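Student: Pasting a structure here, questions to come.
Each value in this text was obtained by applying a stated rule to the coordinates, not by laboratory testing. Everything numeric in this text was worked out from a predicted model, so none of it was measured. Here the Cβ is made from the backbone with ideal geometry for all residues, glycine too, and neighbour counts use every protein chain on show.
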Amino acid sequence: MTGAQLGHRMGIRPQTVEAIEKSEAAGSIQLSTLRRAAEALDCTLVYALVPNSSLDETVDARARQIAMRDLQRVAHTMRLEAQETSGSDFEARVQAYIRDRLSERDLWSEA
């Protein structure tokens, strides 16, 4: 279908179709415009957010991020007080912190 044909279906000039195509390519198209184009093409516009990883992976990564941040603060304080613990069990402490401290916590309420 040519731009002129699409423009006719949408009730707009071919130059406007070209502008719509450019805005779509630039990522600045409005959803209402995209919906009108879809209707003119006898299509249904489907707008979706597709996760890059599974929900479990997202939750695990966020819990780990919080645990690492909190435990590194504690480790820093312990070093300053010359009470540093062995780094070899840090992963076990991270897992225990996630299990014991974050299980009921809202992972998304803080930055």
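Student: Find out how many positive minus negative residues lie around GLY11, taking Lys and Arg as positive, Asp and Glu as negative, among other residues whose Cβ is under 12 Å from that of GLY11.
Tutor: +2
Student: What nm value, rounded to one decimal, do you get for the distance between LEU107 and VAL74 when each label is placed 7 Å out toward the C-beta?
Tutor: Taking the simple label geometry, LEU107 and VAL74 are separated by 1.9 nm.
Student: Could you list TYR47, TYR97 so that the one with the fewest beta carbons within 10 Å of its beta carbon is first and the one with the most is last?
Tutor: Ascending Cβ contact count within 10 Å gives the list TYR47, TYR97.
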